[in-house]
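Inspection log for the structure reproduced underneath, given as C-alpha cells.
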Amino acid sequence: MKVYQTNEIKNIALIGGAKSGKTTLAEAMLFEGKVINRKGTVDDKNTVSDYRDIELAKQNSVHSTLMYTEVHGTKINIIDTPGFSDYVGETISALNVVETAVLVNNATVGVDATTENAWAQTQKTNKPVLFVINQLDHEKANFDGVVAQLKDYFGDKVSVAQYPIETGENFDSVIDLILMKMLKCPKGGGAPEMLDIPASEKAKADKLHLKLIENAAEGSEELMEKYFETDTLSIEEMRLGIRLGMRSRSIFPVFAVSAKHSLGVARLLEFIELSCPTPTGVAGERKSTSGKVFNSNPEDPTSLFVFKTSIEPHLGEVSFFRVYGGSVEEGMDLVNTRKGNKERLSQLFVVAGKNREKVAKVCAGDIATTIKLKETHTNDTLVNAKLSGEIIEPIVFPEPTIQMAVRALNSSDDEKMGSILHEMHKTDPTIHAGLSRELRQMIIKAQGELHLNTIKWYFDNIYKIDIEFYAPKIPYRETITKSARADYRHKKQSGGSGQFGEVHMHIQPFVEGMKDPTDFPVRNKEEHDLPWGGKLLFHNCIVGGAIDARFMPAILKGIMERMERGPLTGSYARDIAVYIYDGKMHAVDSNEISFKLAGRFAFITAFKNSGPKIMEPVYNVTVRVPEENMGAAMTDLQGRRALIMGMDSDGKYQIIRAKVPLAEMHKYATTLSSVTSGRGTYSMKFDAYNQVPSDVQDKLLKAYEEEQAEEE
Ligand SMILES: Nc1nc2c(ncn2[C@@H]2O[C@H](COP(=O)(O)OP(=O)(O)OP(=O)(O)O)[C@@H](O)[C@H]2O)c(=O)[nH]1
Ligand SMILES: [Mg+2]
C-alpha cells in the first residue's frame, strides 16, 4: 500500500439521519476512487462498510467502519457511522478524529430526530459540516424542502453549493454554484460533463452564486475586502473562503447527490479534496491534557491516538488510530502515556471495511490500524519517548440513557455474561455493566432500547447465551421519624458456658443540630458516615457499669448489620441516633456475640416503633422536547409523580426541569422517544432521598413480605 504524505490526506466522517444513505454513499466514494471496481448495495448485503453479521442481518449500520478512497492522489479517509441515535458513541469517536463531518440527509425525509442528533454531535465536537442531500433520484425527493428545513433547524449559514435541475428518475444534472457550471453526471458514476448553465437557470444560479460568495467571503477579512472592492471572488478565493468558513462553522455548504446511482459523488469528492479543512488545521487538531496542541505536524516527534477498538475474528483486538505528529513505522516502539508501558507496532494496516492491506509507514494526519497491542485501548495515546508526559484529551462519551438489570436465563452463565459485557465496554464505551452490591443485581447501562437489543443480538447469535433484561431494583433507604425505646435480653444456656447480654436502647431520628435526650448522660459519642449516605450516631450512656465499655463495639456491630439490611424492606437504613442507656451483664456468660445479638434485636424493635419510613432516590431530570410535544411530555411526567420545577424555551424546543422519583423513571427513554418521535432527550442527576407516599410504602412493604416468604 502506498504511503500518503500529510498534505495528501483528508479525513471525513459520514454521519446523519438513519437510513439516509451514508453506507451507500461510502460505497460510491470507494467506487469513484477505484478502491473497489464493483459497487455493492445495502439491500444485496455486499457493501464494504456494512460487513458484520449483525449489519447484514439488520440491514443497517451498527458500528463505525473505516475506509478510504483516492481523488487525484489525495487519500480521503472515510469513517461511515451508524445513523440511529443509540449508536451515538460511534459517531462521537469518529468526529473526534476527522476534520469534516459529511452530514447526509435523505431528500425524501428531511431533518428527522437522528439528523438533529448528528448535528448536535458536530456542535459538541466543534466540527465543520458539509451537508449532502441524498436520494435525489427518488420520486419523492424534495431538495428545496430539505434545504428550507436545514436552514430552519441549523441556521442561515447553511449555504447551497449545488442544486439539482430535476429530481426523481431524471436526476442527473446539478448547477454547481462554485464552478458556475451545469454538471451532467454520467449514469453509474465517473467525472461529470461540464456544461454552461442553461439560460432558464441563469437568474436563479446567479442569485444563489452571489449568496454563496457572500457567505464564503465571511471566512476571512481579506476576502471580505476583496469582495467589497470587486463584487466577486475567484474560484480559488471561494475555495479558500469556504475552507476557512467551514473551519469556524460560519458556512455549511450543501451538495446534491444520488449515492445509489453515483450521481454527483465524483464532484463531491473533488470538493472534499480541494476545499475541505486539512488535517493540519484547527479542525483536525487535538490538545493534550496539559494544553499542548497536536496538529499533525510531520516534523514533530511521533504521537498517535487510539479512537476505536474492535475485536475481529482471527485477529483479536484491532486498534484504530490517527497519527497526530511525526510518522509511525512498522516495528516502532512507542510509549503508552496513560499506562507507561511500551508498545511495539509490529504491523500497520490500511483498511477498507474488513479488507486490510499492510503499509510500512503512516504519516501525520493519516488514520490506520494495528493489532496485538498489549495494554492500549480506546482513548490511549502512544508517543515517542520524548513526549511521554503527554496524554491526548480523551473522547468524552455520553452518559447512559437507559438502565436495566440483566441476567442469564441459566444462572451458571452469569459469570460468562459478566465478562462478555466487560469486553463489550472495550469496543463500545457507551455500554457499562457491573454488579451492584447494594441491589444484588448485574446492572447494564446503555444508550436506549435499540442499543440493548443490539447487545442481546450478540448474546443470542454470537455467544449463544440466553439473557434477559428486567427492571432494576430501586436503592431505597429506610429511616425513622420519631423516637422509641426497646430492650432485649439474649440468654442461652446450653451445657457448659452460656450466653447472656441485655441492651436497653433509645433511638431517634438524626438531624443536623439535634438535641440529645436529657434523662441519661452521654458518656461517649461516635458519629459514623454511612457508606450509602446518611449517618449513624452511636452513644454510650451507661451508668454504674451495667454494660462494660468493651461490649459496645459488639452492640454497634449488631446495629450496623441491621442498618445494612433495613428492617422494613432490606434496604440500607440511615440517619439514626442510637443511645445505649441501660442493660445487664453476666460475670461468666456475657460475651461479644451475646451483645451483638441483643443490640440487633433491640434495634429492630425500636426501629419498628419509631415511625419508620421508606425513602426513595429522587432525581433532577432535565427534558428537552419539541414545542409541539410539550403537553404530552408534561402529562407523562405528571403521571410519574414529578414535581415540575421550571420551563425554558430553546429555539424550537422546550426544556422542562423536574424532580422525579427514580422508581418512576423506568423506561423513560422509550416513552419520551415515542411521545416526541425520537426528538426528545433528557438527562438526570441524583438530587436527594425523599420519603415515599404512604400508598407507595404499603406496596413496598407488601412486596418485601412476599419476597421474604418466597425465600423461606
Ligand atoms: N433511491 C435511493 N435509495 C438510496 C440511496 N442511497 C441509499 N438508498 C437506500 O436507502 C436505504 C438505506 O441506505 P444505507 O446506505 O444503508 O443508509 P445509512 O445512512 O448507511 O443507514 P444507517 O447506517 O443504518 O443509518 C437502502 O435501502 C439504500 O438502498 C439513493 O441515493 N437513492
Ligand atoms: Mg449505514
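The values are calculated or read from the model by the stated rules, or taken from the named source; none is laboratory data. Please read all numbers here as calculations on a predicted model, not as lab measurements. Note that each Cβ is placed from the backbone with ideal geometry, even for glycine, and that neighbours are counted across all protein chains shown. Note: areas computed on protein heavy atoms with side chains; ligands, DNA, RNA excluded. Shrake-Rupley method; radii C 1.70, N 1.55, O 1.52, S 1.80 Å.
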Q. Restricting attention to the stretch 586-618, which residues are closer than 28 Å to residue 663 by Cβ and open to solvent by 50 Å² or more (accessible area, probe 1.4 Å)?
A. 608, 609, 613
Q) Here are 262, 288: which of them is surrounded by fewer than 22 Cβ atoms within 10 Å (Cβ to Cβ), at pLDDT 95 or above and among the small types (Gly, Ala, Ser)? A) 288
**Q.** Candidate set from the stretch 5-35 (those that are open to solvent by less than 10 Å² (accessible area, probe 1.4 Å) and in a loop (DSSP other than H, G, I, E, B)); member that is nearest to ligand 2 (Cβ to nearest atom)
**A.** 20
Q) Does residue 547 satisfy the condition of being β-branched (Val, Ile, Thr), open to solvent by less than 60 Å² (accessible area, probe 1.4 Å), closer than 16 Å to residue 486 by Cβ and more than 52 Å from the chain's Cα centre (by Cα)? A) yes
Q) Which of the residues spanning the stretch 499-521 are of a type in the set (A, V, I, L, M, F, W, C) and farther than 16 Å from residue 535 by Cβ? A) 500, 503, 505, 520
Q. Any residue in the stretch 396-406 that is over 30 Å from residue 470 (Cα atoms) and surrounded by fewer than 23 Cβ atoms within 10 Å (Cβ to Cβ)?
A. no
Q) For the stretch 474-495, which residues satisfy the criterion of being of a type in the set (S, T, N, Q), in a loop (DSSP other than H, G, I, E, B) and surrounded by 15 or more Cβ atoms within 10 Å (Cβ to Cβ)? A) 483
**Q.** Flag if residue 81 is under 20 Å from the mean Cα position of the chain (by Cα), surrounded by 20 or more Cβ atoms within 10 Å (Cβ to Cβ) and more than 27 Å from residue 305 (Cβ to Cβ)
**A.** no
Q: Select from the stretch 417-446 the residues that are open to solvent by 30 Å² or more (accessible area, probe 1.4 Å) and among the charged types (D, E, K, R) and write down the one among them that is nearest to residue 306 (Cα to Cα).
A: 426
Q) Could you say whether any residue in the stretch 104-115 is touching a residue at least 60 places away in the same chain (Cβ under 8 Å), over 26 Å from residue 186 (Cα atoms), among the charged types (D, E, K, R) and open to solvent by 10 Å² or more (accessible area, probe 1.4 Å)? A) yes
Q) For residues in the stretch 97-150 being acidic (Asp, Glu) and in contact with a helix residue (DSSP H, G or I) (Cβ under 9 Å, 6 or more places away or on another chain), which is farthest from ligand 2 (Cβ to nearest atom)? A) 99
Q | Positions within the stretch 207-231 being open to solvent by less than 80 Å² (accessible area, probe 1.4 Å) and farther than 18 Å from residue 180 by Cβ, in sequence order | A | 219, 220, 224
Q. Here are 47, 91, 125: which of them is within 24 Å of residue 321 (Cα to Cα), in contact (Cβ under 8 Å) with a residue 24 or more places away in the chain and away from ligand 1 (no atom under 11 Å from the Cβ)?
A. 125
Q: Take the stretch 9-27 and flag every residue that is out of contact with any helix residue (DSSP H, G or I) (no Cβ under 9 Å at 6 or more places or on another chain) and more than 6 Å from ligand 1 (Cβ to nearest atom).
A: 9, 26, 27
Q: Please note which helices (runs of 4 or more DSSP H) are completely contained in the stretch 162-273 and include at least 3 residues that are among the aliphatic types (A, V, I, L, M).
A: 199-217, 235-247
Q.
Can you name every one of the helices (runs of 4 or more DSSP H) wholly within the stretch 577-692 that holds 3 or more residues which are touching a residue at least 40 places away in the same chain (Cβ under 8 Å)?
A. 592-608, 668-675
Q. Looking at this structure, is residue 48 open to solvent by less than 50 Å² (accessible area, probe 1.4 Å) and within 8 Å of ligand 2 (Cβ to nearest atom)?
A. no
Q) If you check 319, 296, 288, which single one turns out to be more than 25 Å from the chain's Cα centre (by Cα) and of a type in the set (Ser, Thr, Tyr)? A) 296
**Q.** Single match in 184, 204 (criterion: at pLDDT 95 or above, in contact with a Ser or Thr (Cβ under 9 Å, 6 or more places away or on another chain) and open to solvent by 10 Å² or more (accessible area, probe 1.4 Å))
**A.** 184
**Q.** Scope the stretch 50-62; condition near ligand 1 (Cβ under 10 Å from one of its atoms) and either more than 15 Å from residue 21 (Cβ to Cβ) or free of Cβ contacts under 8 Å to residues at least 24 places away in the same chain (or both); matching residues
**A.** 55, 58, 59, 62
Q. In the stretch 496-520, what residues are assigned to a loop (DSSP other than H, G, I, E, B) and surrounded by 13 or more Cβ atoms within 10 Å (Cβ to Cβ)?
A. 498, 510, 516, 517, 520
